[in-house]
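Colleague: Sharing a structure, written as structure tokens. Questions coming.
The values are calculated or read from the model by the stated rules, or taken from the named source; none is laboratory data. Every value quoted in this text rests on a predicted model; they were computed, and no experiment measured them. Cβ coordinates were reconstructed from backbone atoms using ideal geometry, including for glycine residues, and neighbour counts include every protein chain displayed.
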Amino acid sequence: MLVVIGILIALQINNWNENNKLEKETYKVLLQMQDEFSRNQNELQIKLEQHKFVKASVDELSRLVSPNPKEIEKNKLDSIMFSMIYVPEFNASTAITSSEKLVLVDDELKNHIADWKLNYDYYKHSIKLTYDNQTQQSSFMIENYQSKNLKNALIEPNKSAFDSDGQKILSSPIFENYVYTRSLNTGFLVKRATALYEIQNKILQNIDAKLSNHD
């Protein structure tokens, strides 16, 4: 009887040690995941604001395009035209979410992460569509606008030795199509990035709650 009791106690202690080890490992994974998604959230917040900036600029450009466009200051046009070539892109860190350690978290958090992965794929698809559209418009831009004149804080100030006719490009029906397509694609990017931001926020709140329970 004493031998049996001793074996049972030993098994119980062993199970307790294993559970304690598992809890510590889970806690470590949650901390790593918290760090990864916090960095992703900070980066995405910047990219989301950039996407919104591009959308507002493209929409302003769209309002200028017409058969008889109004005169616009050259510096203003050069600044707005930057939106036709600038594609901000959020590249998420996925070291933890792509690792085998994900099995340690509960189903609720796994479901949030699965939702995040799906929306991240949607976002990257919208990025691809935007780049594809940019490839299509590149030859038109080269023929009708001096790229050296583009103005933005992200690029070095420059000026082309050739004059570009702003009225000509703003009165082009082809350019209207490119601007409209860019507006649609950027609108999708804002929508996808916003959805990602909200999901990442849910994930961080979920992780915070689980870490608090471990304390």
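Colleague: How do the pairs read when you match residues in the stretch 67-84 that are in contact (Cβ under 8 Å) with a residue 12 or more places away in the chain and over 23 Å from residue 53 (Cβ atoms) with residues anywhere that are small (Gly, Ala, Ser) and outside any helix (DSSP H, G or I), using Cβ under 9 Å and keeping only pairs 6 or more apart or on different chains?
Modeller: Partner pairs satisfying both residue conditions: 67/171; 68/171.
Colleague: Still on this model: Could you go through the stretch 161-171 and let me know if any residue there is β-branched (Val, Ile, Thr) and part of a helix (DSSP H, G or I).
Modeller: If we filter the stretch 161-171 for residues that are β-branched (Val, Ile, Thr), which is where we start, we get 169.
Filter once more, so that each one left must be part of a helix (DSSP H, G or I): 169.
Taking every residue of the stretch 161-171 in turn, at least one turns out to be β-branched (Val, Ile, Thr) and part of a helix (DSSP H, G or I).
Colleague: I'm trying to understand the selection: among the residues of the stretch 83-108, which are in contact with a helix residue (DSSP H, G or I) (Cβ under 8 Å, 6 or more places away or on another chain), in a helix (DSSP H, G or I) and surrounded by fewer than 19 Cβ atoms within 10 Å (Cβ to Cβ)?
Modeller: Answer for the stretch 83-108, where residues must be in contact with a helix residue (DSSP H, G or I) (Cβ under 8 Å, 6 or more places away or on another chain), in a helix (DSSP H, G or I) and surrounded by fewer than 19 Cβ atoms within 10 Å (Cβ to Cβ): 101, 102, 104, 108.
Colleague: Would you say residue 152 is exposed (fewer than 12 other Cβ atoms within 10 Å of the Cβ) and either under 26 Å from residue 44 (Cβ atoms) or at pLDDT 90 or above (or both)?
Modeller: no
Colleague: Go over the candidates 165, 208, 115 one by one and state the one that is farther than 21 Å from residue 46 by Cβ and at pLDDT below 85.
Modeller: So the residue among 165, 208, 115 that is farther than 21 Å from residue 46 by Cβ and at pLDDT below 85 is 165.
Colleague: Quick check on the stretch 179-191. Is at least one of its residues exposed (fewer than 13 other Cβ atoms within 10 Å of the Cβ) and farther than 28 Å from residue 43 by Cβ?
Modeller: no
Colleague: Further question on the same structure: For the stretch 65-79, name all the residues that are surrounded by fewer than 19 Cβ atoms within 10 Å (Cβ to Cβ) and not acidic (Asp, Glu).
Modeller: Just the residues of the stretch 65-79 that are surrounded by fewer than 19 Cβ atoms within 10 Å (Cβ to Cβ), to begin with: 65-76, 79.
Once the filter is applied, which keeps residues that are surrounded by fewer than 19 Cβ atoms within 10 Å (Cβ to Cβ) and not acidic (Asp, Glu), the stretch 65-79 yields 65, 66, 67, 68, 69, 70, 72, 74, 75, 76, 79.
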